[in-house]
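Written out below as structure tokens is the structure these notes cover.
The values are calculated or read from the model by the stated rules, or taken from the named source; none is laboratory data. Only a predicted model underlies this, so the values are computations on that prediction, with no experimental measurement involved. Heads up, the Cβs are rebuilt from the backbone with ideal geometry, glycines too, and the neighbour counts pull from every protein chain shown. Accessible surface areas use protein heavy atoms only, side chains included; no ligands, DNA or RNA. Shrake-Rupley method; radii C 1.70, N 1.55, O 1.52, S 1.80 Å.
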Amino acid sequence: MDDALSTPDMPGMPDWEKRFRAPRVSLPDWAEDAPDRSLFVSNATGTYELYAWDRATGTQRQVTDRPNGTTDGVLTPDGEAVWWFSDTDGDEFGVWMRQPFGGGEDVPAAPGLEPSYPAGLAIGRDGTAVIGRSTDEDGSTVHVVRPGTEPVEIYRHRESAGVGDLSHDGTLLAIEHTEHGDAMHSALRVLKLDGDVVAELDDTENGTAELGLEVLGFAPVDGDTRLLVGHQRRGRWEPMIWDVMTSEQTGLAIDLPGDVNAEWYPDGSALLVAHDFEARGELWRYDLAAHELTRIETPAGSVSGATARPDRTVEYLWSSAARAPQVRSTKGGVVLDPPGMKAPSSVPVEDAWVEGPGGRIHALVQKPAGAGGPLPTVFEIHGGPTWHDSDAFAAGPAAWIDHGYAVVRVNYRGSTGYGREWTDALKHRVGLIELEDIAAVREWAVSSGLADPDKLVLAGGSWGGYLTLLGLGTQPDAWAVGLAAVPVADYVTAYHDEMEALKAMDRTLLGGTPEEVPERFEASSPLTYVDAVRAPVYISAGVNDPRCPIRQVENYVDRLAARGAVHEVYRYDAGHGSLVVEERIKQVRLEIAFADRHLNGGEAQADGR
């Protein structure tokens, strides 16, 4: 990476800004048949973009350069080209483009396909591509694009579906679909590239429970019809092997608590196992012939991505709440270290376990080093909702800590990582269930002496922003300030305006459409409770957001304004969040200043003191 693109360590810059500005990189993906050619994402220019890396020569080159950034890209198996997704100002609606690995003109990768929301991509060794698409008009479609020919549609359904993987020889395609109507639990179908069905696997048909499946990848060997599949048959995510031609299903002797994911080693002899448990991550190697599980040593913290290389070494992206991300290797040391300023460390995370109405709730707690209590406390609520906070580096919470706040992050019911029942508990009483868990942790934080009950901030983005607005209305006496980024604010309008895949998820969560279950949408919509909101509210929203569209945010803001409620709104030209570093810093600065003004009657200092 050119040193001219790196961010200098500017004297006087506060640590919280350095954490955002310091160059960072994603885990490099590599071309299956040209492993020296890699693709990664970096914020080196101040905007997250794609970079090509030739490991043989050490050359790194910026592939994309767009005002609102680019993060969705794939290498062809031969490493000769980069496919990247081109949308408009973050609206996630667009087409795939293709650029030579060494640089050159961007051209449409699949001429003849109209813009859509992406729903998976797989590229074969002969240049054939399989493209998953989603539009409001067509629902989900899958198209086969062979070089020099028009795209051919081989799949279509109103419910959500997406491309999983192509077999190594390019003859079989695995897709995930939700034709049964449950967007939280996919079934699998294997097709030939003419659309003929080869095999089906659907755990929602067992008559006892709705269990999800996911495609983890075909065996990396020509003619091998084994498909690695994630399943939930024992109440958590774990892998098995399904031979799609013989229908044989092989369980694996991986007895680890928590969720387990896996991918093939390049020769197909073993699996790289990613284990996530109680907000920490670790790696293992599973030998398929010996049925042996061997720990791969990684530091304490979180592994947010890993890949096994042809030489059997493993590269992984690691971080902890205290230390910034690093791309490491089992060879030892850091694999990809961008030049320039390094992100300052933060404070370690502490675990809190709190009894709640649905079971033990796991919360992650950070506070300024050496601080006592009670402290002004930010409840930073994660999005998803099928996601979870972990012991991983996050510049946002670290900024609050630098400004004297404690930060509490709650893995409420609906979060992943704590078993299927915990995740699937989030149905019908959507939003209200999560807030019950947040309330239980809030009571613990106050009673333990950590949090000042008069200075509690409820904050979050996306689903966390939704829970923030819903919490301010349903728990008006509990919160002193609310900070909602890209939120669902008016659930009915959001449903009608959002992308089709999210409509399917909402139908699953709430049991139908707003017309079919109006009482559930009303009970779960922040707009229902807007007149009860007492705390000052700060809202930020992307005007091109397809997930939490701007019209429903404006409906909520209009209601706040009509009754003279204290609020501020920041609208910016992007989609569901921003990939521009300075924009993100601006938003955090505005949030901290808003909270400080309404909690302490003054402006927060920019240096965090």
**Prompt:** To the nearest 500 deg cm²/dmol, what mean residue ellipticity at 222 nm is calculated for the chain from DSSP H runs of n ≥ 4 alone, each contributing -39,500 (n - 2.57), summed and divided by the residues?
**Reply:** -5000 deg cm²/dmol
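Let me spell out the model: positive unit charges on the Cβ of Lys and Arg, negative unit charges on the Cβ of Asp and Glu, origin at the Cα centre of region 11-100. What dipole size does that give, in debye rounded to 20?
Numbers: 9 positive and 16 negative charges, 94 e Å.
About 460 debye.
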**Request:** Sort region 495-609 into rounded, prolate or oblate with this rule: let a ≥ b ≥ c be the square roots of the eigenvalues of the Cα gyration tensor; rounded if a/c is under 1.5, and if a/c is not under 1.5, prolate when a/b is larger than b/c, oblate otherwise.
**Result:** oblate
**Request:** Quantify, in whole percent, the carbon and sulfur part of the accessible surface of the chain (1.4 Å probe; protein heavy atoms only).
**Result:** 48 percent
**Prompt:** Once a ≥ b ≥ c are taken as the square roots of the eigenvalues of the Cα gyration tensor of region 234-366, is the result rounded (a/c under 1.5), prolate (a/b larger than b/c) or oblate (a/b not larger than b/c)?
**Reply:** oblate
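Between His428 and Ala253, 0.36 nm times their residue separation minus their Cα-Cα distance comes to what? All intermediate terms of the calculation are to be shown ahead of the outcome.
On the way: separation 175, 0.36 × 175 = 63.00 nm, distance 3.58 nm.
Between His428 and Ala253, full extension yields an extra 59.4 nm.
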**Asked** Does anyone have the angle between helix 432-447 and the longest principal axis of the chain? Alpha-carbon axes, 0 to 90°, nearest 10?
**Response** 50 degrees
**Request:** Provide, in order from the shortest bin, the percent of all Cα-Cα pairs of region 9-74 in each 10 Å bin, continuing until the bin that contains the maximum pair distance.
**Result:** 20, 44, 26, 9, 1
**Asked** Amide H to amide H, which residues 5 or more places from Ala485 or on other chains are under 5 Å from it, using H placed in the peptide plane?
**Response** Gly460, Gly461, Ser462, Gly465, Ser540
**Request:** Treating only the Cβ atoms of Lys and Arg (+1) and Asp and Glu (-1) as charged, compute the dipole magnitude of region 335-462 about its Cα centre; round to the nearest 20 debye.
**Result:** 160 debye
**Asked** Listed highest first by mean packing, meaning other Cβ atoms within 10 Å per residue, what order do 30-38, 194-202, 519-527, 465-473 come in?
**Response** 465-473, 519-527, 30-38, 194-202
**Asked** With each label point set 7 Å from Cα along the Cα-Cβ vector, what nm distance links Trp353 and Asp138?
**Response** 5.0 nm
**Request:** Could you tell me which of Thr76, Gln99, Gly120 has its Cα farthest along the dipole of region 65-130 towards the positive end, charges placed at Cβ (Lys, Arg +1; Asp, Glu -1), taken about the Cα centre?
**Result:** Thr76
**Fill in**
Computed over the chain: longest principal axis from alpha-carbon atoms vs helix 463-474 long axis, angle to nearest 10 degrees, is 30 degrees
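Order of 373-382, 279-288 by packing, highest average Cβ count within 10 Å first? Intermediate values should be presented prior to the final figure.
Numbers: 373-382: 23.0, 279-288: 19.9.
Result, highest mean first: 373-382, 279-288.
How large is the charge dipole for region 476-609, taken about the Cα centre, if only the Cβ atoms of Lys, Arg (+1) and Asp, Glu (-1) carry charge, to the nearest 20 debye? List each step's numbers first, then the result.
Numbers: 14 positive and 22 negative charges, 64 e Å.
For region 476-609, the charge dipole is close to 300 debye.
Step by step: find N for region 204-310, compute 2.2 N^0.38 Å, then divide the Cα radius of gyration by it. What's the final number? Could the numbers behind the result be given before it?
Values: Rg = 14.0 Å, N = 107, 2.2 N^0.38 = 13.0 Å.
Ratio of Cα Rg to 2.2 N^0.38 Å: 1.08.
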**Prompt:** Hey, can you rank 564-570, 548-554 by average C-beta count inside 10 Å, highest first?
**Reply:** 548-554, 564-570
**Prompt:** Using the alpha-carbon atoms, what tilt in degrees (0 to 90, nearest 10) does helix 500-510 show relative to the longest principal axis of the chain?
**Reply:** 60 degrees
**Request:** For Lys455, list the lysines whose Cα falls under 16 Å from its own Cα; do not include residues on the same chain fewer than 8 positions away.
**Result:** Lys367
**Request:** Using only the Cα atoms of region 230-291, build the gyration tensor, take square roots of its eigenvalues as a ≥ b ≥ c, and label the shape rounded, prolate or oblate: rounded if a/c is under 1.5, else prolate if a/b is larger than b/c, else oblate.
**Result:** oblate
**Request:** Skip the ligands, DNA and RNA, and give the accessible area per residue of region 287-393 with a 1.4 Å probe, whole Å².
**Result:** 44 Å²
